[in-house]
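Visitor: First the structure, which I've put down as structure tokens, then a few questions once you've had a look.
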Amino acid sequence: MEDNYEYEINENQIIVEGSEDDSDNISYSSNGSSDWSNDSTIRDNNDIYMIYDEDMEYIDEEKKNLKYYIGLPAYIKTENEFVLMSTISPAAFHKYNINTITEYIYQYSIMYIPHPTPHILQLFIKSDGVYSVIIKTYWLRIIQRTWRNVCKKRRLIEKNAMQLSYLRSREIGGTLLNYPGLCGMLQCV
């Protein structure tokens, strides 16, 4: 059998292209700073198989309507909705690295997702059997960002409370600090 492979060597990668089948293009990265070096890929693949073995019961379990899941959604443009591609159990999610989890739910999803990101999803099972989801992580990020701003305001108030002018005005007038808190935090969002 004749060896008809072409080798192209760039600064950061070696690309091996075979003439037998165009879909068998293999790209090996030789850059040490990349996220997916050979050793980490092997380790991540072993972790992915371990997650799969641990999550066998969770994968086979029937998904319930209106329940929350950690998983990978995909946007279906024709239907204008997100659908569930794959899930991971909460125990496995807390046990493994986020990159490994992302690779796991990407590998075991039922279709290609360009930029896979795990989300908290609420499942709605339609009458035709479609697993439609609502992404809840979006609102969680808004709350986190708003709470960070509230904490900055609290630190600024505490910093100003240590100044002599504030101490003097509090001594004379007796005014106390008014800390922003959870109540009304999302009012301006």
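Visitor: Can you confirm whether segment 142-164 contains a residue that is outside the structural domain of Glu81 (by TED's automatic domain parsing), of a type in the set (Phe, Trp, Tyr) and surrounded by 10 or more Cβ atoms within 10 Å (Cβ to Cβ)?
Guide: Checked against the condition, which is being outside the structural domain of Glu81 (by TED's automatic domain parsing), of a type in the set (Phe, Trp, Tyr) and surrounded by 10 or more Cβ atoms within 10 Å (Cβ to Cβ), segment 142-164 yields at least one hit.
Visitor: Please note which helices (runs of 4 or more DSSP H) are completely contained in segment 43-130 and include at least 2 residues that are without any contact (Cβ under 8 Å) to a residue 60 or more places away in the chain and closer than 21 Å to Arg141 by Cα.
Guide: Numbers: elements: 56-60, 90-95, 98-107.
Those helices (runs of 4 or more DSSP H) span 90-95, 98-107.
Visitor: From Val150, Val133, which residue is of a type in the set (A, V, I, L, M) and without any contact (Cβ under 8 Å) to a residue 40 or more places away in the chain?
Guide: Working: Val133 fails: without any contact (Cβ under 8 Å) to a residue 40 or more places away in the chain.
From the options Val150, Val133, the qualifying one is Val150.
Visitor: If Gln187 satisfies every condition in (1) of a type outside the set (Val, Ile, Thr); (2) touching a Phe, Trp or Tyr at 6+ places or on another chain (Cβ under 8 Å); (3) in a loop (DSSP other than H, G, I, E, B); (4) without any contact (Cβ under 8 Å) to a residue 24 or more places away in the chain but one, which is the exception?
Guide: Condition not satisfied by Gln187: (2).
The values are calculated or read from the model by the stated rules, or taken from the named source; none is laboratory data. Note that the coordinates shown come from a computational prediction; the quantities given were computed from them, not determined experimentally. Virtual Cβ from ideal backbone geometry, glycine too; neighbours counted across all protein chains shown.
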